[in-house]
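Taken together, the values in this text are just the output of simple stated rules run on the coordinates, not laboratory data. Since the model is a prediction, treat every value here as computed from it, not as a measurement. Here Cβ is always computed from backbone atoms with ideal geometry, including for glycine, and neighbour counts include all displayed protein chains.
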Amino acid sequence: MPDFLRHGPGTGLIFIFCAALAACGTVDSASNRLVNVFRPYKMDVVQGNVVTSEQVALLKPGMSRVQVRDVLGTPLLTSVFHEDRWDYVFTLKRQGTESQSRRVTVFFKNAELLRFEADALPSETEFAATLGKMNLPSKMPELEATSESLQKFPAPVKAAVPAPLPPLPTSYPPLESPIR
């Protein structure tokens, strides 16, 4: 009887397991497959302002800050040291794909748009396609309400006009009592 079996069946099993493990040349690939099966879920991380090529096409030199904000939204970065510069930054990190990063910088002079710099930006449809594996319809639905669809909703009820308020007093009582 071999010596390793005299010390108990547990020792023999450990010896056989170690021998099988040492003889196996594909331990690394097998362990990698096992790790891939039990990989934790990582959420999509979307940060910043989504700016599309259609939005940037609307920018024209001479626009006011309010007009630029109406088109692009509130800037992600504004600096006290660079008052005439707004930065729009966007990042998208998804599990299993390369992260996306885009930047648009808008420059002002005397509160008017002077120029802007932008990375290559996707259209709104291209960006929506990257968000998920959605099947985009070949024809976009119409977003106009027809008179038939409006019939489903009741007509708004006009609120009753409240009675006029009484006139405000012209004199007020004293704040302090008279001195005696």
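Annotations
- In summary, the lysines within cross-link reach of K152, defined as a Cα separation below 26 angstrom excluding same-chain residues under 8 places away, comprise K139.
- Hits among lysines - C-alpha to C-alpha of K93 under 22 Å, sequence gap 8 or more where chains match: K42, K133
- Between amide H atoms placed 1.01 Å from N, distances below 5 Å from S123 occur with S53, all of them 5 or more places distant or on a separate chain.
- Dipole of the stretch 45-131 computed with +1 at Lys/Arg Cβ and -1 at Asp/Glu Cβ about the Cα centre; of P61, T130, L77, farthest Cα towards the positive end is L77.
- Computed over the stretch 46-178, the percent of Cα pairs more than 27 Å apart is 53.
- T105, T97, T91 arranged by Cβ crowding within 10 Å, fewest neighbours leading: T97, T91, T105
- Neighbour net charge for Y88 - beta-carbon separation under 13 angstrom, K R +1, D E -1: +1
- For the stretch 77-90, the Karplus equation 6.51 cos²θ - 1.76 cosθ + 1.60, evaluated at θ = phi - 60°, returns couplings of 10, 10, 10, 5, 7, 10, 5, 9, 9, 10, 10, 10, 10, 9 Hz by residue, with Gly and Pro reported as x.
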